Amino acid sequence: MMYQEPVKTRLGDILVKKALISDEQLQFAINSQKSSHLQLGEILIEMGYVTQRQINRALTVQSKLRNAILTSILSLSPLALVGCG
């Protein structure tokens with residue numbers, strides 16, 4: 001059986017995967033977020049790393065990924081879950 005890497009649905013992970021920001025930029029923004037009331041996307045825009053349009057697109061991708069994951073979980077047959085507990 002092949003190992004499949006879990007799907008990352010966090011905004012920062014999506015932006016890094018799309019090569020819009022680096023891991024270092026993400027870490028810097030996350031650290032800045034700890035002392036701020038702003039959301040990660042707002043910080044990244046403020047720092048000039050991304051545009052509002054790029055954040056909006058990444059948030060759309062995030063929403064679609066999360067919906068797909070939820071749909072696949074909910075589509076499991078109750079019979080398939082028998083004996084899973």
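The values are calculated or read from the model by the stated rules, or taken from the named source; none is laboratory data. The structure presented is a predicted model; accordingly, all values stated were derived computationally and were not measured. The accessibility values were calculated without ligands, DNA or RNA, using every heavy atom of the protein model including side chains. Shrake-Rupley method; radii C 1.70, N 1.55, O 1.52, S 1.80 Å.
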In the stretch 22-70, what percent of the accessible surface is made up of carbon and sulfur (1.4 Å probe, ligands and nucleic acids excluded)?
-> 52
Whose amide H sits under 5 Å from the amide H of Ile21, counting only residues 5 or more places off or on another chain, with H placed in the peptide plane?
-> Val16
At a probe radius of 1.4 Å, what is the per-residue accessible area of Ser63, in Å² to the nearest 10?
-> 60
